[in-house]
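What follows is a set of notes on a single structure, which appears directly below.
The values are calculated or read from the model by the stated rules, or taken from the named source; none is laboratory data. Keep in mind that this is a model prediction, so the values were computed, not measured. We place every Cβ from the backbone using ideal geometry, glycine too, and count neighbours over all the protein chains shown. Note: areas computed on protein heavy atoms with side chains; ligands, DNA, RNA excluded. Shrake-Rupley method; radii C 1.70, N 1.55, O 1.52, S 1.80 Å.
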Amino acid sequence: MEEKLLWGQMTRLELEKVSEEVDTVLLPVGSLEQHGPHLPLDTDSFDAMYILTKAVEKLDPPRPPILPTISYGLSEHHMAFSGTVTLRPETLSSIIFDIGHSVKKHGFNKLFIYNAHGGNTNVLKEAALRLKYDLDIKVFLDSGESMEPAKKELIKSDNDVHAGEYETSTSLANRMELVERGKIKKPKLTFPDSSFEFDSKPAFFYTWSTDELTDTGVIGDPTKAAESKGKELWERGIKLLVERIKMVEGL
Ligand SMILES: [Zn+2]
């Protein structure tokens, strides 16, 4: 039988065996939030599990197990658009801490988080530090950094951070049947000042809500999306993620 990749599908005894052979556990983190008129609400959660599964399939056994996805994230800034369900920062932080506590108990000392939603990043870093200092767990966080080099090269739209050229392309490549292609349109973006644009260097932070920036919930240009681009983005991102997981397990 094929070796199982998912923590949830293993028996207790199978998991015990894995814990004797590997030191790393993989955790996909996503969100449930509006992705414009054309992409599914669970895009980030689906993508986090997708990239981790594809990466782990390329590893030689013994392979780090993949925990079930945390399907909710910090999406308060999307709440003006329907379908969004958000956690409070302290809830997400507590979930991460509790998962770390549990996996450590069962013999895993490293937690590798793949986070597909930018809004989660700061809280995940804070939770990572707590796990390190309180429980001596090493936490590694990839908030899309593995996808970044290919994204920089292939995605040309300005401020393309949400349901735009990048995310529509990756969705066309992994879940074409759920992309409402007829509803794809370029949004009208409004920033209070050019220094707040995501692409400006430096980009100043402020507490924006999506509905203040865009008329459709999209930030970026989904009309430039293509399945071929998405395929290349995934392929290159998965390759980098494989190297990172190997590196972490080898530490
Ligand atoms: Zn997304």
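Miscellaneous remarks
- The relative contact order of region 7-250, computed from alpha carbon pairs under 8 Å that lie at least 6 residues apart in sequence, is 24 percent.
- Inter-label distance, nm, simple model (7 Å from Cα along the C-beta direction), GLU197/LYS4: 5.1
- Oblate is the label for region 23-73, because a/c, from the alpha-carbon gyration tensor with a ≥ b ≥ c as root eigenvalues, is 1.5 or above and a/b does not exceed b/c.
- For region 180-227, trypsin sites (Lys or Arg not before Pro) meeting the loop criterion (DSSP other than H, G, I, E, B) and having at most 16 other Cβ atoms within 10 Å: LYS185, LYS188.
- Sparse-neighbour loop sites [GluC sites (Glu not before Pro); region 160-220; at most 11 other C-beta within 10 Å; DSSP]: GLU180
- Summary of the geometry: region 137-178 and region 26-81, compared by the centres of their Cα atoms, lie 12 Å apart.
- In nm, spacing of pseudo-spin labels at GLU153 and MET79 (7 Å Cα→C-beta vector): 4.1
- Comparing GLU20, GLU227, GLU76 in a Gaussian network model of the chain, where Cα atoms under 10 Å apart are tied by springs, the biggest mean-square fluctuation is seen for GLU20.
- GNM on the chain, alpha-carbon springs under 10 angstrom: the most fluctuating residue among LYS132, LYS152, LYS201 is LYS201.
- Here the chain has 53 percent of its accessible surface on carbon and sulfur atoms, given a 1.4 Å probe and all protein chains in place.
- Note that region 121-172 presents 47 Å² accessible area per residue, ligands and nucleic acids not counted, probe 1.4 Å.
- Dipole magnitude for the chain: computed about the Cα centre from +1 point charges on Lys and Arg Cβ and -1 point charges on Asp and Glu Cβ, it is near 280 debye.
- Among beta bridges that DSSP assigns inside the chain, antiparallel share in %, nearest 5: 20
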